[in-house]
Amino acid sequence: MSVPPQKKAFPLRLDPALYAAIERSAGTDLRSVNAQVECLLREALARRGVKLADPVRPKRGRPPRQVEGDEE
């Protein structure tokens, strides 16, 4: 199984009112604040014509069950 690349971590200072607005928006979209910031940045870059590769999303859920004698 391949491991997705690690995300770059860095501190970010925001105005409290801006953070509160992002937090409300994230709650509406059922995302974390971090995921919302990343989504907003990707949308802003797309509007400017900057092309990014789609993010690598980890697979979720239970792996498929191996049947005994199955050679995969």
By what distance, in whole Å, do the Cα atoms of the chain stretch along each of the three principal axes, largest value first?
-> 59, 28, 22
For the chain, with +1 on Lys and Arg beta carbons and -1 on Asp and Glu, the positive-most of 36, 14, 56 along the dipole = 14
Report the residue, chosen from 42, 60, 13, that carries the largest GNM mean-square fluctuation when the chain is represented by alpha-carbon nodes joined by springs under 10 Å.
-> 60
Where is the GNM fluctuation largest for the chain (alpha-carbon springs, 10 angstrom cutoff): 61, 27, 49?
-> 61
Quick one: with all protein chains in place, what share of the accessible area of the chain is carbon or sulfur, to the nearest percent (1.4 Å probe)?
-> 55 percent
In range of the label at residue 34: residues from the range 40-58 whose backbone nitrogen is under 20 Å from the point 7 Å along Cα→Cβ = 40-43, 54-58
Send over a whole-number figure in Å² for the accessible area per residue of the chain, probe 1.4 Å.
-> 103 Å²
222 nm [θ] for the chain, helices only, -39500 (n - 2.57) per DSSP H run of 4+, per residue, to 500?
-> -12500 deg cm²/dmol
Roughly how tilted is helix 16-28, in degrees to the nearest 10 and between 0 and 90, from the longest Cα axis of the chain?
-> 40 degrees
Most fluctuating of 44, 53, 26 in the GNM of the chain (C-alpha, under 10 Å) is 53
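The values are calculated or read from the model by the stated rules, or taken from the named source; none is laboratory data. Model, not experiment: these values are computed from the prediction. When we count neighbours, we look across all protein chains shown, and the Cβ atoms used for this are built from the backbone with ideal geometry, even at glycine. For the accessible areas, the whole protein counts, side chains as well, though only heavy atoms, and no ligand, DNA or RNA atoms are used. Shrake-Rupley method; radii C 1.70, N 1.55, O 1.52, S 1.80 Å.
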